[in-house]
1. Search the stretch 209-231 for residues being surrounded by 13 or more Cβ atoms within 10 Å (Cβ to Cβ) and among the polar types (S, T, N, Q), and hand back the single one that is modelled with the lowest pLDDT.
2. Would you check if there is a residue in the stretch 101-113 being surrounded by fewer than 19 Cβ atoms within 10 Å (Cβ to Cβ), in a loop (DSSP other than H, G, I, E, B) and on the phi < 0 side of the Ramachandran plot?
3. Answer yes if at least one residue in the stretch 117-125 is in contact with a Cys (Cβ under 8 Å, 6 or more places away or on another chain) and not in a helix (DSSP H, G or I), and no otherwise.
4. Out of VAL317, VAL257, VAL290, which single residue is outside any helix (DSSP H, G or I) and at pLDDT 95 or above?
5. Exactly one of these conditions fails for LEU312: (1) assigned to a helix (DSSP H, G or I); (2) free of Cβ contacts under 8 Å to residues at least 60 places away in the same chain; (3) farther than 26 Å from GLU146 by Cβ. Give me its number.
6. Just name the residue that is nearest to PRO137 (Cα to Cα) out of those in the stretch 204-250 that are touching a Pro at 6+ places or on another chain (Cβ under 8 Å) and among the β-branched types (Val, Ile, Thr).
7. From GLY162, GLY169, which residue is more than 14 Å from the chain's Cα centre (by Cα), in contact (Cβ under 8 Å) with a residue 12 or more places away in the chain and farther than 21 Å from ASN215 by Cβ?
8. Can you tell me which of ALA180, ALA194 is within 17 Å of THR274 (Cα to Cα) and modelled with pLDDT of 95 or more?
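The values are calculated or read from the model by the stated rules, or taken from the named source; none is laboratory data. For clarity, every value in this text was computed on a predicted model and none was experimentally measured. Neighbour counts are summed over all protein chains in view; Cβ atoms, including those assigned to glycine, are modelled from backbone coordinates with ideal geometry.
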Amino acid sequence: MTAVQVQFTDPKRERRRFFGQATLLAVLLLLGVALLALYWPINYQPVVQLNPAHSYGEAITRLEALQAKDKGLALSSGCETQVMTHSQRVERVLVLLHGYRNCPAQFARVGTIFYEQGYNVIIPRMPHHGLADVLTPDQANLTADELVIHVTEVVDIAQGLGEHVTVAGMSTGAVLAGWAAQQRTDIERAVLIAPFFGPQAIPAVLNTPVIKLFNILPNVFLWQDDLLQARVPNPPQVYPQNATRALSQILQLSAAVRNNAGQPPAAGAMVVITNANDDAVDNQMTAALVAAWQQTGYKPLETYEFAAELGLDHDLVDPAHPKQKIDLAYPTLIDLMAR
């Protein structure tokens, strides 16, 4: 008779194999869920209560309260909220919204040009900006809600200063102008200059997960220039670092603007200005947003792009910028804002 060999499985080894496979499956599932969560569309939909000023006097009272927020702060020169009025309600009002890491000084010369043309002008200081300590960690405290409240407040005030309100913004300020233009019928014209709907350094497909990671992970300060660090040639009031937490909040509001692009903007007219030489923002994301607005049938939408050969910097506005060419940029910018 042939002997039959019976092999018995080792229960311990089988259990180890089972738990190993189960652990691997669990890890893969968790990774899948994490990736899904990171790529899940951002659904930030801020809700605000509009409270437009009904008279010049009311607007001035509220402006004084806005300016009082600057008192007691150590600010760089020209970084306080700037107000230029003709002591009465006028035909046209201009709100100028500066960019991330800058302050009202960025728009001071543009504001003066329009003031001399008869406009009442407001250049508000963005929260956490303009501090004399340009290495301040405070900028990391910026939130999307603060930005929404900020732009809502200044446009509310502007309604009491004149008949027709134009809102213009640079970079992050352009995102605020775009958000307000989607919400408010009392904006006659919104001007978006080099809008920051996404950074050029990050592919658009990674924009959503990066926003979420920057919001979840501890804040990190990234030098504008790793080599020069604090010595980077900027206007003196500009912060030389980017805060990842602040960037996540700005881009969250940018996502809200893009998510709402299926509806026509409420503003009377819009102009979107880009710079083909811009190495800071993703112009393709801006172009996609413009196309979405156009598909809604929104007609009063104008676009303009500065040619790459002009060699303009991302910051088209600040006359103190070492790479500024305001002799080339200002005539076009002022014409597009004034139409």
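1. This residue is ASN215.
2. No, every residue in the stretch 101-113 fails to be surrounded by fewer than 19 Cβ atoms within 10 Å (Cβ to Cβ), in a loop (DSSP other than H, G, I, E, B) and on the phi < 0 side of the Ramachandran plot.
3. yes
4. VAL317
5. If we test LEU312 against (1) assigned to a helix (DSSP H, G or I); (2) free of Cβ contacts under 8 Å to residues at least 60 places away in the same chain; (3) farther than 26 Å from GLU146 by Cβ, just (1) comes out false.
6. Taking the candidates together, the pick is VAL232.
7. Selected residue: GLY162, the only one of GLY162, GLY169 that is more than 14 Å from the chain's Cα centre (by Cα), in contact (Cβ under 8 Å) with a residue 12 or more places away in the chain and farther than 21 Å from ASN215 by Cβ.
8. It is ALA194.
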